[in-house]
Amino acid sequence: MSRPAPYANPLFAPLAPWLARLQPPWPPVPDAAALAGLTALAAGLGLRSATGHPLSFPPPRDDGLGYEARIGANGQVETRPDNWHDFFNALVWCAFPLSKQAINGRHLQALAAAGDGAPGSGRGGARDAMTHFDECGALVLSSDPSLLQLLREFRWQELFWQRRADLAVSLRVVVFGHATYESLLAPFRGLTAKAVLYEVDAAVLAAVDRGDLSALDARLATELAAGHHGRPRELQPLPLLGLPGVTPDNENPDYYADTWQFRPGRRAKPV
């Protein structure tokens, strides 16, 4: 299956600095060589698990440990070769190391409370919530609170079309979920992220544009460690194909008349 040119979709921007440091920078497939490159990249960045172990990205192995328990025990993030889902998960560790640590820490706390770290053990509500954000979460940053309010109120035509020029200046979407990155290789109608909304100043937007996610990562990690963003219904649905530049189809205002994809909310979200 052919892949788009590296970074062609603007939503890949958070991963672009780390992809650029791999050889090749956009692998034809994420094979064993790519996994070795990810482990070398993690070592160079000093990435660590919530328990302080240096991270590596080995293929699956039968060691009696579940996925998150293995990360906590020895820093090994199980990563399947030839699997874009796992490849993007490793890249998100590079882009958001503190937040991924926080998620791992929440999983380990839940496992300790349940007295279980074996494969196949039930997750429970807290772990399911962390997994949900880990897979399909995103951050929406705006220096214009009126844009965030349009998003909360599901006013898609006004947000994505009438305020299109304002989006380019005052709003950024930073994808976190690795399953969402995998889906962006071949975006499909209805592709939706679950977003945390941040009102920020122009300096934060400028930092994101430079590829500097460190302050954003620290903020998100603190919130995740404190148990925030732990209920999927509290996250804001965001139809990603409505964002300018993600698909050429949305360059026509009639695109947003698709109420199956751009659904009205059950109620306006509180500020």
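The values are calculated or read from the model by the stated rules, or taken from the named source; none is laboratory data. The model shown is predicted, which means the values in this text are computed figures rather than measured ones. Cβ placement follows ideal geometry from the backbone for every residue including glycine, while neighbour counts extend to all protein chains displayed. Surface accessibility is based on the protein's heavy atoms, side chains included, excluding ligands, DNA and RNA. Shrake-Rupley method; radii C 1.70, N 1.55, O 1.52, S 1.80 Å.
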task: Looking only at the range 206-223, decide whether some residue is free of Cβ contacts under 8 Å to residues at least 12 places away in the same chain and assigned to a loop (DSSP other than H, G, I, E, B).
output: yes
message: Let me spell it out: the conditions are (1) of a type in the set (D, E, K, R); (2) modelled with pLDDT under 95; (3) open to solvent by less than 40 Å² (accessible area, probe 1.4 Å), and ASP217 meets all of them except one. Which number is the exception?
response: (2)
query: When you scan the range 13-57, how many residues do you find that are within 26 Å of VAL173 (Cα to Cα), open to solvent by less than 30 Å² (accessible area, probe 1.4 Å) and not in a loop (DSSP other than H, G, I, E, B)?
result: 7
- prompt: Do you know which residues across the range 72-83 are open to solvent by less than 20 Å² (accessible area, probe 1.4 Å) and within 25 Å of SER183 (Cα to Cα)?
  reply: VAL77, THR79
- request: State yes or no: is ARG155 free of Cβ contacts under 8 Å to residues at least 40 places away in the same chain and of a type in the set (Lys, Arg)?
  value: yes
- prompt: What number of residues in the range 58-80 are within 16 Å of THR39 (Cα to Cα), assigned to a loop (DSSP other than H, G, I, E, B) and not polar (S, T, N, Q)?
  reply: 7
- prompt: Within the range 146-191, can you find the residues that are at pLDDT 95 or above, open to solvent by 20 Å² or more (accessible area, probe 1.4 Å), among the small types (Gly, Ala, Ser) and outside any helix (DSSP H, G or I)?
  reply: GLY190
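Mind checking which residues of the range 43-60 are touching a Phe, Trp or Tyr at 6+ places or on another chain (Cβ under 7 Å) and either in contact (Cβ under 8 Å) with a residue 60 or more places away in the chain or closer than 11 Å to THR79 by Cβ (or both)?
Narrowing the range 43-60 to residues touching a Phe, Trp or Tyr at 6+ places or on another chain (Cβ under 7 Å): 47, 55.
Hit for the range 43-60 is LEU55, nothing else.
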task: Kindly indicate whether ASP128 is acidic (Asp, Glu), assigned to a loop (DSSP other than H, G, I, E, B) and either modelled with pLDDT under 95 or open to solvent by 10 Å² or more (accessible area, probe 1.4 Å) (or both).
output: no
message: Which numbered condition in (1) of a type in the set (Gly, Ala, Ser); (2) modelled with pLDDT of 95 or more; (3) surrounded by fewer than 16 Cβ atoms within 10 Å (Cβ to Cβ) is the only one that ALA268 fails?
response: (2)
task: Of the conditions (1) over 18 Å from the mean Cα position of the chain (by Cα); (2) more than 19 Å from PHE133 (Cβ to Cβ), ALA226 clears all except one; give me its number.
output: (2)
message: Checking the structure you have, find out if any residue of the range 202-209 is in contact with a Lys or Arg (Cβ under 8 Å, 6 or more places away or on another chain), among the β-branched types (Val, Ile, Thr) and open to solvent by less than 70 Å² (accessible area, probe 1.4 Å).
response: yes
